[in-house]
Amino acid sequence: MKEAFVLYILLIFLILLLVMAARKLKIASPLLLVAGGLLLSWIPALSHIRIDPELIFLVFLPPLLYEAAWYTSWKEMWRWRRVISVFAVLIVIITSGVVALVSWAWIPGFTLALGFLLGGIVSPPDAISATSVMRLVRAPKRLTHILEGESLLNDASSLIIYRFALTAVATGRFVFHEALGSFLLVITMGIAIGVAIALAYTAIYRWLPTTPDIDIVLTLTAPYVMYLAAESLHFSGVLSVVSGSLLLSTRNYQIFSHRSRLRGNNVWTTIGFVFNGLIFMLIGLELPEIIRQLGGVSLRQAIIYGVGITLLLMVGRLLCTLGSSVFTVFISRYITTAESRPGWKGPILFGWAGMRGVVSLAAALSIPLTLRSGVPFPQRNLILFITFMVIILTLLVQGLSLPLVIRKLNMKDPDHDLTPEEQDVQVRLQLTEHSLAFLDAHYAGEMAANPLLRQLRNRLCTDDEQLHRQTPEVQLQYRKIYLKVLKQQRQFLLDLNKSLANDEEIIRKYHTILDIEQEKLIRLYETESE
């Protein structure tokens, strides 16, 4: 136990170093984490690491889904609901079917049920690595929104296919109409359970005397409660977490205080950072163990199968995205679509951003070692190896080349005429003007008698004037000098704290105020390079 704990602490330190290196090299951190894990896996002390699938499904997956759904825009998900639904459900089913047919015809010993099992495992793309790449180079926001929405829902579709295929392998029977009915029931009830639990948590937040600390602890329990409740009833735990967290996130500003939001965002950002780092590092570390378990299949032949299935997935996704673009142009004649002419650049970018990740890893590892009869599960080790090949090749090949593809295609953002910087200034202007109008309309009398209210109005006017008139150079100089002032204030507080006459709690309070002021300053004047 102690040795395992020390090992994970060392892994976290390695993750931090690799993430810092990725920032310096300006590449997506998941790519360097997987590559680092591969290199570390050949160190004897680390080569014996095995990943418990229950650890992935139960410990890692619910909070990662919760965090991803929390920061996903419901507005954008609804806008692109048709595209997201098609790729999260229909394209996953088609991809699983194509992989099943190809593997059944190509790989000796593969049945159609085993092919669907492999297809369900490798069909869902993972948005974490794709969106981390897209944030390094300016890509249209719509692609990021669609990828995030797709990844939230396709996990559920693929895991349901995986579950049915696993049953078919174990029992030797598969009835289509029964599977279809179960598929719809698993989806519907998973969503219903997640929504019901989210409503229960909403009532707790709204009606009970919670504090920021209690709110944060409750949010940490929410994804596990949603997942376990659905899975214990044999419904989709993934959809339960996604639907529940989406509901809570849309009510975020009604049920949480400002302190709960500030602290909670920091906690969840850190949890997501650590968990994602560990997952991608473990993907690389696990490969030697998978190779050792190949058994009767030669490593060369297994690599050929892995490369072949990976190419099939890459080409298949590109064909699906381009085909959906053509279909959208056709169907837009009869129904209203979010984009009647999507063109070819967006589909190619979307198609090439099909890296696989955590869900494929967890599903492959959770294949049982034996069937109910005690017979070893057929082709388990080869399925594991192919899955790892797909994850690693898509992450390294597509992940490393995606920035180049984005730059070469140079797709303009069709949804926004203004740059992000110009939108930032516009929102700040509108917010300031709205605040001034509100004060003048409702508190004109109070401002005449209250000097603090007049000071507030003057400050808003000053902000409005700065936004209208000051050049970026003047704003940059203001920021640099203000940061130096804050630094001097901190030093002054440290000097004050040396005196026993000053209460340290009061000194800490003003340190916190300075931290908030610095964060506000950086957020207001942050640049793309940061």
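The values are calculated or read from the model by the stated rules, or taken from the named source; none is laboratory data. Quantities reported herein were computed from a predicted structural model and do not represent experimental measurements. Methodologically, a virtual Cβ is constructed for each residue, glycine included, from the backbone with ideal geometry; neighbour enumeration extends over all protein chains shown. Heavy atoms of the whole protein, side chains included, go into the accessibility calculation; ligands, DNA and RNA do not. Shrake-Rupley method; radii C 1.70, N 1.55, O 1.52, S 1.80 Å.
How big, on average over all directions, is the shadow cast by the Cα convex hull of segment 280-335, in nm²?
Mean orientational projected area (segment 280-335, Cα hull): 6.1 nm².
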Requested in this report: Calculate how steeply helix 112-122 sits against the longest principal axis of the alpha-carbon atoms of the chain, using the helix alpha-carbon long axis, and give the answer as 0 to 90 degrees to the nearest 10.
Outcome: 20
Query raised in the report: What ranking, highest mean first, results for peptides 395-405, 437-447, 24-34, 199-209 when packing means the other Cβ atoms within 10 Å averaged over each residue?
Result: 24-34, 395-405, 199-209, 437-447
Query raised in the report: Counting alpha carbon pairs within less than 8 Å and at least 6 residues apart, what relative contact order, in whole percent, applies to the chain?
Result: 20
Query raised in the report: What is the Rg over Rh value, at two decimals, for segment 175-320, using alpha-carbon atoms and the Kirkwood definition of Rh?
Result: 1.12
Requested in this report: Could you give me the radius of gyration and the Dmax of segment 253-397, taking only the C-alpha atoms into account and expressing both in angstrom?
Outcome: 21.1, 59
**Report entry** Crossing angle, helix 141-171 versus the chain [Cα axis fit, 0-90 degrees, rounded to tens]
**Finding:** 30
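Using a probe of 1.4 angstrom, how much of the accessible area of the chain is carbon and sulfur, in percent?
Numbers: 18260 of 28150 Å².
Whole-percent figure for carbon plus sulfur exposure: 65.
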Report task. Work out the P(r) tail for segment 232-276: percent of alpha carbon pairs separated by more than 18 Å, whole number. Result -> 46
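If you take all C-alpha pairs in segment 329-397, what percent of them are over 16 Å apart? Before the final figure, lay out the partial values.
Working: 1536 of 2346 pairs.
Percent of Cα pairs beyond 16 Å in segment 329-397: 65.
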Query raised in the report: Relative to the longest principal axis of the chain, what angle (0 to 90°, nearest 10) does the C-alpha long axis of helix 380-393 take?
Result: 40
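Leaving out ligands and nucleic acids, and using a 1.4 Å probe, what accessible area per residue does the chain come to in Å²? Intermediate values should be presented prior to the final figure.
Values: 28150 Å² over 530 residues.
Here the per-residue accessible area is 53 Å².
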Requested in this report: Leaving ligands, DNA and RNA out of it, work out the accessible area of GLU3 with a 1.4 Å probe and give it in Å² to the nearest 10.
Outcome: 140
Report task. Please report the Cα spread of segment 66-110 along all three principal axes, rounded to whole Å, starting with the longest. Result -> 47, 23, 8
**Report entry** Inter-site label distance for ARG261 and TRP106 at 7 Å from Cα along Cβ, in nm
**Finding:** 5.0
Report summary line: Taking 497-504, 349-356 and ranking on average Cβ neighbours within 10 Å, highest first, one gets 349-356, 497-504
Query raised in the report: Just the Cα atoms of the chain, one point each, no solvent: what log10 I(q)/I(0) does Debye give at q = 0.07, 0.10, 0.11, 0.12 Å⁻¹?
Result: -0.48, -0.93, -1.09, -1.27
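Just order 367-379, 265-277 by mean Cβ neighbour count inside 10 Å, highest at the front, would you? Each step should come with its number before you reach the end.
Numbers: 367-379: 12.3, 265-277: 15.6.
Most protected by this proxy first, the peptides run 265-277, 367-379.
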Query raised in the report: Of the cross-linked pairs LYS75/LYS141; LYS24/LYS484; LYS141/LYS345, which ones have a Cα-Cα span greater than 22 Å in the structure shown?
Result: LYS24/LYS484
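Working out 0.36 nm times the residue gap between LYS487 and VAL326, then minus their Cα-Cα distance, what length gain in nm do you get to one decimal? It would help to have the intermediate numbers written out before the result.
Details: separation 161, 0.36 × 161 = 57.96 nm, distance 5.71 nm.
Here the segment from LYS487 to VAL326 would lengthen by 52.3 nm.
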